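Quick notes on the structure that follows.
The values are calculated or read from the model by the stated rules, or taken from the named source; none is laboratory data. Bear in mind that the values here come from a model prediction, so they are computed numbers and not experimental data. Heads up, the Cβs are rebuilt from the backbone with ideal geometry, glycines too, and the neighbour counts pull from every protein chain shown.
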């Protein structure tokens with residue numbers, strides 16, 4: 001089977017969801033809001049009005065990344081408008097393996 005490749009954004013989404021769970025002291029499931037991706041990954045300014053829109057290129061990039069994660073059954077949308085989602089068990093395993101690799105690489109770079 002071919003190795004599953006993930007974009008930098010997809011890796012970030014999975015890892016950020018687990019980090020959010022840690023901030024929430026381990027209650028519930030790993031989760032993330034779509035706005036977190038705009039604000040923290042792409043550094044887009046916060047919307048001041050509900051009718052404001054984020055840049056369309058960024059919106060398409062996020063939508064495609066989330067769609068691919070959903071196709072792999074790594075995320076599940078909680079809200080009908082797809083603004084909030086959590087990781088499935090498979091997504092949680094993938095995120096933990098990514099974070100382990102990230103920790104190993106950080107230790108190597110310090111040596």
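In a helix (DSSP H, G or I), closer than 13 Å to residue 10 by Cα, in contact with a strand residue (DSSP E or B) (Cβ under 8 Å, 6 or more places away or on another chain) and in contact (Cβ under 8 Å) with a residue 12 or more places away in the chain: is that true of residue 98 in this structure? It is false that residue 98 is in a helix (DSSP H, G or I), closer than 13 Å to residue 10 by Cα, in contact with a strand residue (DSSP E or B) (Cβ under 8 Å, 6 or more places away or on another chain) and in contact (Cβ under 8 Å) with a residue 12 or more places away in the chain.
Taken together, the residues in the stretch 1-40 that are under 14 Å from residue 75 (Cβ atoms) and surrounded by fewer than 12 Cβ atoms within 10 Å (Cβ to Cβ) amount to 0. The set of residues from the stretch 22-43 being at pLDDT below 90, more than 15 Å from residue 83 (Cα to Cα) and out of contact with any strand residue (DSSP E or B) (no Cβ under 7 Å at 6 or more places or on another chain) comprises 22, 23, 24, 25, 26, 27, 28. One residue stands out in the stretch 17-33 among those that are assigned to a helix (DSSP H, G or I) and in contact with a helix residue (DSSP H, G or I) (Cβ under 7 Å, 6 or more places away or on another chain): the one that is nearest to residue 57 (Cα to Cα), namely 17.
Residues in the stretch 56-86 that are without any contact (Cβ under 8 Å) to a residue 12 or more places away in the chain and closer than 13 Å to residue 37 by Cβ: 59, 60, 63, 64. Suppose the filter is in contact with a helix residue (DSSP H, G or I) (Cβ under 7 Å, 6 or more places away or on another chain), within 21 Å of residue 21 (Cα to Cα) and without any contact (Cβ under 8 Å) to a residue 60 or more places away in the chain; does residue 90 pass it? Against the criterion (in contact with a helix residue (DSSP H, G or I) (Cβ under 7 Å, 6 or more places away or on another chain), within 21 Å of residue 21 (Cα to Cα) and without any contact (Cβ under 8 Å) to a residue 60 or more places away in the chain), residue 90 does not qualify. For the stretch 36-46, the criterion of being in a loop (DSSP other than H, G, I, E, B), more than 17 Å from residue 63 (Cβ to Cβ) and within 11 Å of the chain's Cα centre (by Cα) is met by none of the residues. Consider the stretch 47-71 and keep the residues that are farther than 18 Å from residue 81 by Cβ and assigned to a loop (DSSP other than H, G, I, E, B). The one that is farthest from the chain's Cα centre (by Cα) is 48.
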